[in-house]
Amino acid sequence: MGLWHTYASLAYLAVFLGVCGHASTEFVAVLSGVSGPELSVWRFVLGGLGLVLLSLLFPASRDLTVPFRTHGMRLVWLSILGITVGYLLFHWSLDFATVPQVATVVTTIPIFVGLANLVINKQPFTGAKIISGLCAMIGVALLITDGYLAKLAGVGENLIGIFMVMGCAGVVAAYTVLVRPIIVEYGALRITAITMSIGAVGLWLVVGLFWNIWVNPFTLFDRPSSQVASLLTIAVWNTTITQFLWIGGLAAVPDITRGSYLFFLKPVIAAFLAVLFLSQKLTAWQVLAIAVICASVLVEVLWARLFPTKQPASS
């Protein structure tokens, strides 16, 4: 964590690698063949365990009880907000919407991060962030109006999934901003392991109570080998490694809003995987939405060069 703070470029690289991990989540989730609510439990029970084991390997993060002495209840409710609620909505949305739709809409997370950062930390939006955010909002609007509003009188399942994943984006963004001070104090690995584990317990209870699906991790290898491979992939790569890089990187970058804008690259990778491996087709509107959202990343990167800040003249 200290190394990431010393070298900002490493922090941004960690965020980017985290985005790559996030980008394949929907793809692996669909391949698993497990329903969204149940999959969310498998993912965070196994992935949270992986984070705990990873944390125990390093002396600096080995004591998982220390953060509870100063932030006990805060850690609990942040875990419920960001993990239990956020990722239940995320995986459940895949039962209604397609991979490109979910991957594109979830890129609104940086917008919500910026808004949460403005409200909580009073950090204003710069011109680049405003334009980037507007690009992303336009892209999402294009996606939502891709013929699905007309289905409101009928099925409208895609729209339900889109609204679910927008709810996920809002709560995950709030969690990301609110947990940052605790991560800075105790380290990304330790706090990520704690919040993922608590959130996993919450998911296990919610899915058990409301869906009557009581996941038993000890039955993992009783499943078909292809399903076991998918569940382990989404737990180890898409959760243990990805969450550590994403949350830890965002906590270390100089500008959390700018760092989170790398998330806008997610739909391109996810759409490519969906077309290549899931045989899902992109509509013209979806291609346009992805292009508009990705353009926002270029705005953020090139803004300083196009509109350099004038330095005050020395006296």
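The values are calculated or read from the model by the stated rules, or taken from the named source; none is laboratory data. This is a predicted model, so every value here is computed, not measured. Note that we place each Cβ from the backbone using ideal geometry, even for glycine, and neighbour counts take in every protein chain shown.
General remarks:
- Within the stretch 257-279, at least one residue is under 25 Å from Trp42 (Cβ atoms), modelled with pLDDT under 70, out of contact with any His (no Cβ under 7 Å at 6 or more places or on another chain) and not in a helix (DSSP H, G or I).
- Candidates Leu51, Leu57, Leu64, Leu13, filtered to the one that is without any contact (Cβ under 8 Å) to a residue 40 or more places away in the chain and farther than 30 Å from Lys281 by Cα: Leu57
- Single match in Val66, Val41, Val52, Val28 (criterion: of a type in the set (Val, Ile, Thr) and within 18 Å of Leu205 (Cβ to Cβ)): Val41
- Restricting attention to the stretch 69-88, the residues that are touching a residue at least 60 places away in the same chain (Cβ under 8 Å), of a type outside the set (Val, Ile, Thr) and surrounded by fewer than 23 Cβ atoms within 10 Å (Cβ to Cβ) total 5.
- Test: residue in the stretch 218-238 that is under 21 Å from Ile109 (Cβ atoms) and among the β-branched types (Val, Ile, Thr): yes
- The set of residues in the stretch 280-296 that are at pLDDT 70 or above, of a type in the set (A, V, I, L, M) and in contact with a helix residue (DSSP H, G or I) (Cβ under 7 Å, 6 or more places away or on another chain) comprises Leu282, Leu288, Ala289, Ile290, Val292, Ala295.
- Within the stretch 173-188, the residues that satisfy the criterion of being assigned to a helix (DSSP H, G or I) and surrounded by fewer than 23 Cβ atoms within 10 Å (Cβ to Cβ) are Ala174, Leu178, Arg180, Pro181, Ile182, Ile183, Val184, Glu185, Tyr186.
- Selected residue (criterion: modelled with the lowest pLDDT) from residues of the stretch 221-240 that are small (Gly, Ala, Ser) and surrounded by fewer than 16 Cβ atoms within 10 Å (Cβ to Cβ): Ser226
- Meets criteria (of a type in the set (A, V, I, L, M), within 28 Å of Leu288 (Cβ to Cβ), in contact (Cβ under 8 Å) with a residue 60 or more places away in the chain and assigned to a loop (DSSP other than H, G, I, E, B)) for Ala103: no
- One residue from Val177, Val171, Val165 being modelled with pLDDT of 65 or more and touching a Gly at 6+ places or on another chain (Cβ under 7 Å): Val171
- Restricting attention to the stretch 20-65, the residues that are charged (D, E, K, R) and assigned to a helix (DSSP H, G or I) total 3.
- Just one of (1) in contact (Cβ under 8 Å) with a residue 40 or more places away in the chain; (2) of a type outside the set (Phe, Trp, Tyr); (3) part of a helix (DSSP H, G or I) fails for Val287. It is (1).
- Residues of the stretch 156-193 that turn out to be within 15 Å of Leu78 (Cα to Cα), in contact (Cβ under 8 Å) with a residue 40 or more places away in the chain and more than 17 Å from the chain's Cα centre (by Cα), as a count: 2
- Exactly one residue among Gly156, Gly199 is modelled with pLDDT of 95 or more and of a type outside the set (A, V, I, L, M, F, W, C), and that residue is Gly199.
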